[in-house]
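Here's the structure we're looking at; comments come further down.
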Amino acid sequence: MDAAGPGLQSLTIVRHGESTANAARDTSAEEFITGTRDADVPLTELGAAQAAATGKRLAEFEPGFDLVVCSPYARTRETARIALGFPTAPPVQYDERVRDREPGVLFGLTRIGIQRRYPEEYRAMQRVGGFYHRPAGGESWPDVALRLRAVLREMHGHALVFTHDIAIVLTRYIFGDLDEAEISSQTTAQVRNASITRWERTDSGMRLAVYNDTAHLM
């Protein structure tokens with residue numbers, strides 16, 4: 001069974017521009033951000049500039065887009081608002097199913113912070129692996145994959161999605177480009193801010209045409 005809806009001709013996914021959480025990440029500290037919800041983390045000035053550059057590149061795509069879906073989080077909303085300045089852009093549909101992974105009690109913590117503040121969670125993560133571990137109050141990677149599968153089956157035409165790094169990696173997983181072992185051997189940070197990833201339909205299904213492209217940011 002095709003993981004994408006039969007009417008989906010191409011899928012272009014953009015990761016949001018640099019956020020304040022991305023800029024503040026310090027792996028030597030216990031926390032990399034505090035005092036805000038994950039949903040409210042905004043773009044930095046650099047992130048806004050990246051979104052503008054991405055918009056110029058998206059405006060060049062032929063054919064254009066029939067559908068635009070966006071995570072409701074602030075950093076993705078801002079990226080979409082800035083990027084979609086070209087006149088042929090369709091209206092944005094906000095969909096919670098393409099939001100970032102819910103980190104639960106681990107939000108804002110580095111690996112060191114998790115190990116020190118939530119040692120039981122850290123041991124569970126070590127035991128079952130990061131892919132299947134579900135933190136208290138949060139989601140595992142398969143939890144995110146389940147909601148992504150649902151929205152991918154509903155897409156049609158030439159779709160554009162503004163989302164987060166985990167959603168891009170898991171879309172590759174859903175379309176058969178990656179397996180659990182390959183995902184576990186890399187970090188989500190390998191999907192760069194404001195990068196473009198694109199699949200195109202072939203006779204055998206959705207084919208990865210572009211991955212993690214940031215040439216438009218140079």
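The values are calculated or read from the model by the stated rules, or taken from the named source; none is laboratory data. All of these numbers come straight from a predicted model, not from anything done at the bench. Using ideal geometry, Cβ is built from the backbone for each residue, glycine included, and neighbour counts are taken over all protein chains shown. Side chains are part of the model used for accessible areas, which takes the heavy atoms of the whole protein and leaves out ligands, DNA and RNA. Shrake-Rupley method; radii C 1.70, N 1.55, O 1.52, S 1.80 Å.
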Checklist outcome for this item: One would report the antiparallel percent of DSSP beta bridges in the chain, rounded to the nearest 5, as 50 percent
Checklist entry - Which whole number of Å³ per residue matches the convex hull of the alpha-carbon atoms in the range 52-166? => result 113 Å³
Next on the checklist: From the mean inverse distance of alpha carbon pairs (Kirkwood) and the Cα radius of gyration, derive Rg over Rh for the range 40-93.
Outcome noted: 0.97
Item to check | V151 accessible area, 1.4 Å probe, all protein chains in place, Å² to nearest 10 | outcome: 10 Å²
Checklist outcome for this item: On the accessible surface of the chain, probed at 1.4 Å with all protein chains in place, carbon and sulfur together account for a percent value of 49 percent
Checklist entry - With each pseudo-label sitting 7 Å past Cα toward Cβ, what's the D203-A49 distance in nm, one decimal? => result 4.7 nm
Checklist outcome for this item: Quotient of Cα radius of gyration and Kirkwood radius for the range 91-151, i.e. Rg/Rh, equals 1.07
Checklist entry - With each label point set 7 Å from Cα along the Cα-Cβ vector, what nm distance links D177 and E154? => result 2.3 nm
Checklist entry - Tell me, what is the FRET efficiency for Y94 and R127 to the nearest 0.05, using R0 = 35 angstrom and their Cβ-Cβ distance as r? => result 0.45
Checklist entry - Which whole-number percent is the relative contact order of the range 96-218 (Cα, under 8 Å, 6+ apart)? => result 22 percent
Item to check | Helix-only CD estimate at 222 nm, as mean residue ellipticity for the chain, using -39500 (n - 2.57) per DSSP H run (n ≥ 4) | outcome: -10000 deg cm²/dmol
